[in-house]
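The block underneath contains the structure these notes are about, expressed in structure tokens.
The values are calculated or read from the model by the stated rules, or taken from the named source; none is laboratory data. Only a predicted model underlies this, so the values are computations on that prediction, with no experimental measurement involved. All Cβ positions, even for glycine, are placed from backbone atoms using ideal geometry, and neighbour counts span all protein chains on display. Calculation scope for accessible area: heavy atoms of the full protein, side chains included, ligands and nucleic acids excluded. Shrake-Rupley method; radii C 1.70, N 1.55, O 1.52, S 1.80 Å.
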Amino acid sequence: MARAFTDRVHGTDPEAWDNPAPCEGWAARDVVRHLVEWFPDFLKAGAGVELPKGPSVDDDPVAAWAKHRDGVQALLDDPATKHKLLSNPHIGEIPLDQAVDQFYTADVFMHTWDLARATGQSEHLDPAKCAQLLEGMLPLDDVLRASGQYGPRVEVPEGADVQTRLLAFIGRKP
């Protein structure tokens, strides 16, 4: 999932980092900022893991993402990660690698579309991953909306493709 996002980061014209993004009040660089800022705190609080800090997204969003992505990959590549748990008051204790996949990988995947839309790049997302995420999220509709992390569901035509349905579910206007 990080590869597609990384491709969009590298494909962003330097003049496009301040383009408006689909998330209200965000610019393209804020999509990167979101991904590199919330996850380190989540890991530190829940598993005592500290990711290496990169440059500011304001100064260099490409380098900030690269440093962050490499830190997450190193965590996943570390054999000790398989034996670590993440503890969170909302989800309890789960294996750290599962927490990364469940919470972060999905976030990177969905925000790939946001960055692509903001910067005029390919908005195509893997349909199988879209279907998997949508299937897992549909039963949690009320919980997800209450979290404040998702906008109101957007209506789409019957028969819309799975990417359109996923994006609409999370509050985007595809």
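Things worth noting here:
- Candidate set: the stretch 1-38, residues that are at pLDDT below 95 and among the hydrophobic types (A, V, I, L, M, F, W, C); chosen: the one farthest from Val72 (Cα to Cα): Cys23
- Hey, Val156 of a type in the set (A, V, I, L, M) and either crowded, with 17+ Cβ neighbours inside 10 Å or not in a helix (DSSP H, G or I) (or both) or not: yes
- Cβ-Cβ under 6 Å pairs, at least 6 apart or on other chains, the stretch 103-119 side touching a residue at least 24 places away in the same chain (Cβ under 8 Å), far side open to solvent by less than 10 Å² (accessible area, probe 1.4 Å) and among the aromatic types (Phe, Trp, Tyr): Tyr104/Phe39; Val108/Phe5; Thr112/Phe5
- Residue that is surrounded by the most Cβ atoms within 10 Å (Cβ to Cβ) [pool: residues in the stretch 8-29 that are closer than 22 Å to Gln149 by Cβ and among the small types (Gly, Ala, Ser)]: Ala28
- Which listed residue, of Gly136, Gly148, is open to solvent by less than 90 Å² (accessible area, probe 1.4 Å), at positive phi and within 17 Å of the chain's Cα centre (by Cα): Gly148
- Listed by first and then second residue, the pairs linking a residue in the stretch 53-66 that is within 8 Å of Val32 (Cβ to Cβ) to a residue that is assigned to a helix (DSSP H, G or I) and among the hydroxyl-bearing types (Ser, Thr, Tyr), with Cβ atoms under 9 Å apart and 6 or more places separating them unless they lie on different chains, are Trp65/Thr6.
- Here the helices (runs of 4 or more DSSP H) wholly within the stretch 3-100 that include at least 2 residues being within 30 Å of Val143 (Cβ to Cβ) and among the small types (Gly, Ala, Ser) are 28-47.
- A single member of Lys44, Lys53, Lys67 is under 24 Å from Gly92 (Cβ atoms) and open to solvent by 60 Å² or more (accessible area, probe 1.4 Å), and it is Lys44.
- In a residue-by-residue description of the stretch 115-125, the property of being under 28 Å from Ala27 (Cβ atoms), modelled with pLDDT under 95, open to solvent by less than 60 Å² (accessible area, probe 1.4 Å) and in a helix (DSSP H, G or I) applies to no position.
- Scanning the stretch 67-99 for residues that are touching a residue at least 40 places away in the same chain (Cβ under 8 Å) and not hydroxyl-bearing (Ser, Thr, Tyr) yields Arg69, Val72, Gln73, Leu86, Asn88, Leu96, Ala99.
- Filter pass, Asp77 being among the charged types (D, E, K, R), more than 22 Å from His124 (Cβ to Cβ), out of contact with any helix residue (DSSP H, G or I) (no Cβ under 7 Å at 6 or more places or on another chain) and surrounded by fewer than 19 Cβ atoms within 10 Å (Cβ to Cβ): yes
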